[in-house]
Amino acid sequence: MSFKVMLLPGDGIGPEVVDAAVCVIDKISNKFNLKFEFDRGLIGGCSLDQFGVPITDETLNKCLMADAVILGAVGGPKWESLQHNLKPEAALLKLRKSLELFANIRPAKVYDSLADSSTLKSDVLRGTDFVVVRELTGGVYFGTPRGFDDNRGWNTMEYSRYEVERIARHAFELSLTRGKRVTSVDKANVLDCSQFWRKIVHEIHKDYPEVTLNDMYVDNAAMQIVRNPKQFDVLLTSNLFGDILSDISGIITGSLGMLPSASLGKDHALYEPIHGSAPDIAGQNKANPIATIASVAMMFGYSLKNYEAAALIEKAIDKTLSGGYRTADIFSQGTVLLNTKEMTQMILKNIDEISD
Ligand code: NAD
């Protein structure tokens, strides 16, 4: 049986980094004797230009039929002034909603060789390896009523038992494959919705006695991520808090070009780098492909449960960085500057070297 991957390269540097992802999947499928079937679709500005909508129903249906979706990035100055529902980003929301991707997973891991390039002290960073599990389809971003008039603005922060249970289970299950520690982040000292969140998380925890659970207020969590990020294993949190905390966690790896993500639902999965379409370097073969290649590693882990393949890709990235190879965004004196294609080739070579 082949594994169906829907490729949505998108705009700007999206096609360049998705090409890199395909090269890595090809390499791994040869090594592990796996079969992949690829399809491609347009998303974002390129879809608007061709079809008048940021994603067509046909492309959406193909995503629904796929085992996994790999997305590059969408957007750019050309489409910025369009009305909200025509903007390239509207396609992302539609896609996440249609695929019911309720869990957003963002690893915050320090590659030892890059520890010196962050704005945080390297001894604070070294050894950091945690994952933010953010609830993605509920909470204040979706609650109703919402709106504003001349005198007032309002939103509704709301979670159902079902929504908290499924994301909490997801975090506990994930922690079982890692350090068996979950920190649930809320604001239960002020928000009723957070009190409810905390209550349900503790109920679900009873099914996972081998996992250590602690609660942390979101303001403290923001400080602790910067002060002592090594203390965390899995950070479980709601949509709004996760949005903010996962960006703070981005400081850990030093560059946007290094940060992968997975958005998972019951039946679907989408893998994408955190970064945008980087119009300033698009089409110049300068983009760092590591975020997308690391997203492919997540695909092998989460969707195919092939942890060996996932680890092999991770190790190849690590080896490449340790060897002093850098794209422009992470370049420093004394390292070797590579373009997108050269960086991809170096990672492929290291996959071969590690596995042979
Ligand atoms: P951006 O992430 O595209 O770029 C920010 C900076 O980081 C730029 O200097 C860029 O060159 C650099 N950068 C980003 N990814 C890189 C990579 N892989 N390698 C090297 N350098 C990299 O953010 P932005 O400039 O705020 O947004 C540009 C466009 O992307 C906008 O239209 C925005 O709406 C869109 N966007 C899309 C997504 C997405 O598709 N998920 C996410 C964020 C922004």
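The values are calculated or read from the model by the stated rules, or taken from the named source; none is laboratory data. If you're wondering where the values come from, they're calculated on a predicted model, not measured in any experiment. Cβ coordinates were reconstructed from backbone atoms using ideal geometry, including for glycine residues, and neighbour counts include every protein chain displayed. Surface areas here come from the heavy atoms of the whole protein model, side chains and all, with no ligands, DNA or RNA. Shrake-Rupley method; radii C 1.70, N 1.55, O 1.52, S 1.80 Å.
Brief remarks follow.
- Each label point was placed 7 Å from the Cα along the Cα-to-Cβ direction; for ASN30 and MET223 their separation is 5.3 nm.
- Beta bridges per DSSP with both ends in the chain, % antiparallel, nearest 5: 40 percent
- The range 178-222 shape via C-alpha gyration tensor axes, a/c threshold 1.5: oblate
- Net dipole in debye of the chain [+1 Lys, Arg Cβ; -1 Asp, Glu Cβ; about Cα centre; nearest 20]: 440 debye
- Cα-based shape type of the range 233-356, given that a ≥ b ≥ c are square roots of the gyration tensor eigenvalues and the cut on a/c is 1.5: oblate
- The mean of 1/r over all pairs of different alpha-carbon atoms in the range 118-253, once inverted, gives a Kirkwood hydrodynamic radius of 15.6 Å.
- Selection of trypsin sites (Lys or Arg not before Pro), the range 177-214, meeting DSSP coil and at most 12 other Cβ within 10 Å: LYS206
- Net charge over other residues, Cβ less than 10 angstrom from the Cβ of PRO9 (K, R count +1; D, E count -1): -2
- Average accessible surface area per residue within the chain, 1.4 Å rolling probe, Å²: 45 Å²
- Label-to-label distance, GLU58 versus ASP149, with points set 7 angstrom from Cα along the beta-carbon direction: 4.6 nm.
- Sequence-distant residues sharing a close amide H with PHE3 (under 5 Å, placed H): LYS35, PHE36, GLU37
- Scanning residues 5 or more positions from ALA269 or on other chains, those with amide H under 5 Å from its amide H are VAL69, with H placed 1.01 Å from N in the peptide plane.
- Spin-label model, GLU100/LYS266: points 7 Å from Cα along the beta carbon direction are separated by 0.4 nm.
- Tensor-based shape of the range 18-161 (alpha-carbon gyration tensor, a/c under 1.5 rounded, otherwise prolate or oblate): oblate
- Given their separation in residues at 0.36 nm each and the Cα-Cα distance between them, PHE142 and THR177 gain 9.5 nm when the chain is fully extended.
- With 10 Å bins from 0: P(r) over the chain, alpha-carbon pairs, percent: 5, 24, 33, 27, 10, 1, 0
- Spatial separation of Cα centroids for the range 35-72 and the range 104-168, in angstrom: 26 Å
- Count of lysine pairs in the range 118-253 with Cα separation under 15 Å (8 or more residues apart, or interchain): 4
- Loop-located trypsin sites (Lys or Arg not before Pro) in the range 267-356 (DSSP state other than H, G, I, E, B) with a sparse environment of at most 15 neighbouring Cβ atoms within 10 Å: LYS305.
- Of the DSSP H helices in the chain, those whose Cα atoms cover at least 24 Å axially and whose Kyte score averages 0.5 or more: 14-32
- The mean sequence separation of alpha-carbon pairs under 8 Å and at least six residues apart, normalised by the residue count of the range 157-279, gives a relative contact order of 24 percent.
- Ordering of 234-246, 72-84 by burial proxy (mean other Cβ atoms within 10 Å per residue, highest first): 234-246, 72-84
- With the biggest extent put first, the Cα atoms of the range 141-201 measure 50, 21, 17 Å across the principal axes.
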